[in-house]
Amino acid sequence: MTAPMLEVTDLVAAYGAVQALKGVSLHVDRGEIVTLIGANGAGKSTLLMSLCGDPRPRHGRVVLDGQDITAMPTHEIMRLGVAQSPEGRRIFPRMSVMENLLMGAQALGHDPAPVLKRVFKLFPRLEERQAQRGGTLSGGEQQMLAIARALMSKPRLLLLDEPSLGLAPLIVRQICAAIRELNETEGLTVLLVEQNANQALRLAHRGYVLVTGRITMSGRGTELLARPEIRDAYLGGGH
Amino acid sequence: MAYALQQLINGISLGMIYGLIAVGYTMVYGIIGMINFAHGDIFMVGAFVALISILLLIAGGVMDGPAALLLVLAISMAFTALYGWTVERIAYRPLRGSFRLAPLISAIGMSIVLQNFVQLSQGARVKPLEPQLVGGFEVMREGDFVVQLSTMQILIVLTTLVVLAVFTWLVTKTPLGRAMRACEQDRKMAGLLGINTDRTISLTFVIGASLAAVAGTLYLLRYGVIDFYVGFLAGVKAFTAAVLGGIGSLPGAVLGGLLIGLIETFWSAYFSVQYKDVAAFSILALTLIFLPTGLLGRQEVEKV
């Protein structure tokens, strides 16, 4: 068996005095889509951010392709081929769509033109809007832009934070299809954080459940979907 | 009429110097949200480096013609940029992530350090420099009054326009400028895209200090006297200009600089020289009452 692409061991991270992650271990294999589901405030976004060194983990280890990146500065981690579409999308509001996309490729130093072409094929809407300022896009367009910007760096590991948040079901399906296509045709490895457990578990090969900073369950996506406690807690049984 | 035209010429050339310094304040504010109180003293250092290099060139017998002036400008920019970089590195970067007031206090400290350093190393007395550029044109004549446009004023305006054009190109068209704007709009996200944000911030200080060095060199050539304290008032004026134009806005800084220069000059010409600073600062106070974000400042509304 080959070593996993991303291996997280006993990760502890905190914002100030609030301990958001209390010893999380998980792994993502090459070519896998793995999802992390959990309620609001479970620590999902903190996990994705602390994988990128911001906040820096207080304890535990993050290993990417055999290289320990736990103490590495954020920009160096990203240059190793990690990309994130973060919580809240974080589009540069006073830059055009095109400039936002170019920012995605800039630090990596490759020619952005071919990647740009591919990204526009995936999200034709962004090509139409390329001269518009990021801050004036609709929520759905901003989400596409955040994912597209992450793809511009040609990552080997893509971290997606709630790509379905606040979007119309049709757009969510489009985005899921895009993720699946990238995974199947290019072998892109994806770690996907979601509150929308149904969609995420259908898309992913494997899933983890995060509850107040701890992993409580893990398994194949379809397996987790079938579990009654998951149905009750995350698939809208009670709400 | 002729008198007013002369004041306009004087005001614009003074305002351009303020504008160059103001750009440094506004850039640093944009990217790390602090007022760099040491920036006026960086301008003073720029003037001193220019003075020293001019004196060395004169001693070497090569202070002659535009090439020598360009050389002086280049030397001043290089050394002053190094000072700007160092100030950020030792006084502000270690305080990043600290409470908001900490770098401000540190900046006031750096301002005092730079003043005292120059006072000790160069002496406290006023340093004169004989005019390097004389002559000019007669623009118009009205009775006995002659409107003069001096070579020095032409040099100030041309140099400033060229420097600002290069600077604008840098910020709007180059990857470095894009990285700077990205850090200004969302520093955390810039880091997530692999941008070395510390390095980008350092470069912002380097560029701001180079512009201040240009201003310092022009100031020295125009007025011919400097001392270690010259950065204080110029710094306060330029800061006022940046706030008047809308802090964080680059065109605003230049516009604010021009306005402060004009207000000061016209006030001195028609009312009293003693109260010229009061005039400039009163206009600032009035603007802020009616336009709290300055003339070209941005209201902080963003779509979520």
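The values are calculated or read from the model by the stated rules, or taken from the named source; none is laboratory data. Quantities reported herein were computed from a predicted structural model and do not represent experimental measurements. So basically every Cβ, Gly included, is an ideal-geometry build from the backbone, and we count neighbours across all protein chains shown.
Just one of the listed residues (B:Thr287, B:Thr217) is among the hydroxyl-bearing types (Ser, Thr, Tyr), without any contact (Cβ under 8 Å) to a residue 60 or more places away in the chain and in contact with a helix residue (DSSP H, G or I) (Cβ under 9 Å, 6 or more places away or on another chain), and it is B:Thr287. With respect to B:Leu129, is the statement that it is surrounded by 15 or more Cβ atoms within 10 Å (Cβ to Cβ) and more than 25 Å from B:Asp198 (Cα to Cα) true? The answer is yes for B:Leu129. When each of B:Ala190, B:Ala238 is tested for being within 14 Å of another protein chain (Cβ to nearest Cβ), crowded, with 23+ Cβ neighbours inside 10 Å and not in a loop (DSSP other than H, G, I, E, B), the lone residue that passes is B:Ala190. Considering A:Gly53, A:Gly23, A:Gly66, A:Gly31, the condition of being at the interface with chain B (Cβ under 9 Å from one of its Cβ atoms) and over 20 Å from A:Met152 (Cβ atoms) is satisfied by A:Gly53 alone. Of all the criteria given as (1) on the phi < 0 side of the Ramachandran plot; (2) free of Cβ contacts under 8 Å to residues at least 60 places away in the same chain; (3) not polar (S, T, N, Q), the one not satisfied by B:Gly61 is (1). Scanning the stretch A:69-100 for residues that are touching a Ser or Thr at 6+ places or on another chain (Cβ under 8 Å) and either more than 13 Å from every other protein chain (Cβ to nearest Cβ) or touching a residue at least 60 places away in the same chain (Cβ under 8 Å) (or both) gives A:Met78, A:Gly81, A:Ala83, A:Pro86, A:Glu87. Regarding B:Phe228, is this residue part of a loop (DSSP other than H, G, I, E, B) and either in contact with a Cys (Cβ under 8 Å, 6 or more places away or on another chain) or buried (at least 23 other Cβ atoms within 10 Å of the Cβ) (or both)? Considered against the rule, which asks whether it is part of a loop (DSSP other than H, G, I, E, B) and either in contact with a Cys (Cβ under 8 Å, 6 or more places away or on another chain) or buried (at least 23 other Cβ atoms within 10 Å of the Cβ) (or both), B:Phe228 comes out as yes. Which of the residues that make up the stretch A:195-239 are of a type outside the set (Gly, Ala, Ser), modelled with pLDDT of 90 or more and within 20 Å of A:Gly166 (Cα to Cα)? The answer is A:Leu201, A:Arg202, A:Leu203.
Condition check for A:Glu162 on (1) more than 13 Å from every other protein chain (Cβ to nearest Cβ); (2) charged (D, E, K, R); (3) surrounded by fewer than 18 Cβ atoms within 10 Å (Cβ to Cβ): one failure, at (3). Residues in the stretch A:212-226 include none that are within 23 Å of A:Cys52 (Cβ to Cβ), part of a loop (DSSP other than H, G, I, E, B) and touching a helix residue (DSSP H, G or I) at 6+ places or on another chain (Cβ under 7 Å). Checked against (1) surrounded by 15 or more Cβ atoms within 10 Å (Cβ to Cβ); (2) in a loop (DSSP other than H, G, I, E, B); (3) out of contact with any helix residue (DSSP H, G or I) (no Cβ under 6 Å at 6 or more places or on another chain), A:Gly88 passes all but condition (1). The condition of being crowded, with 20+ Cβ neighbours inside 10 Å, touching a residue at least 60 places away in the same chain (Cβ under 8 Å), closer than 30 Å to A:Ala150 by Cα and not hydrophobic (A, V, I, L, M, F, W, C) holds for B:Thr200. Does B:Leu176 qualify as being modelled with pLDDT under 95 and either outside any strand (DSSP E or B) or hydroxyl-bearing (Ser, Thr, Tyr) (or both)? So B:Leu176 fails the test. Listed here are the helices (runs of 4 or more DSSP H) enclosed by the stretch A:101-154 that have at least 1 residues being at the interface with chain B (Cβ under 10 Å from one of its Cβ atoms) and under 17 Å from A:Ala177 (Cα atoms): A:139-151. Flag: B:Ala102 does not match the condition of being among the small types (Gly, Ala, Ser) and in a loop (DSSP other than H, G, I, E, B).
Quick one: is A:Ile215 aliphatic (A, V, I, L, M) and over 13 Å from A:Thr35 (Cα atoms)? For A:Ile215, the condition - aliphatic (A, V, I, L, M) and over 13 Å from A:Thr35 (Cα atoms) - is not met.
Checking each residue in the stretch A:103-128 for being under 21 Å from the mean Cα position of the chain (by Cα) and under 19 Å from A:Ile77 (Cα atoms) picks out A:Met103, A:Gly104, A:Ala105, A:Gln106, A:Ala107, A:Leu108. So is A:Val12 aliphatic (A, V, I, L, M) and touching a residue at least 40 places away in the same chain (Cβ under 8 Å) or not? Judged against the criteria, A:Val12 is a match. For A:Ile175, the test of being in contact with a strand residue (DSSP E or B) (Cβ under 7 Å, 6 or more places away or on another chain) and either within 13 Å of chain B (Cβ to nearest Cβ) or not in a loop (DSSP other than H, G, I, E, B) (or both) is failed.
For the stretch B:161-177, a residue qualifies if it is over 22 Å from the mean Cα position of the chain (by Cα) and either among the aliphatic types (A, V, I, L, M) or within 10 Å of chain A (Cβ to nearest Cβ) (or both), and exactly one does: B:Pro175. No other residue among B:Ala238, B:Ala234 is more than 21 Å from B:Val171 (Cα to Cα) and touching a residue at least 40 places away in the same chain (Cβ under 8 Å) apart from B:Ala234.
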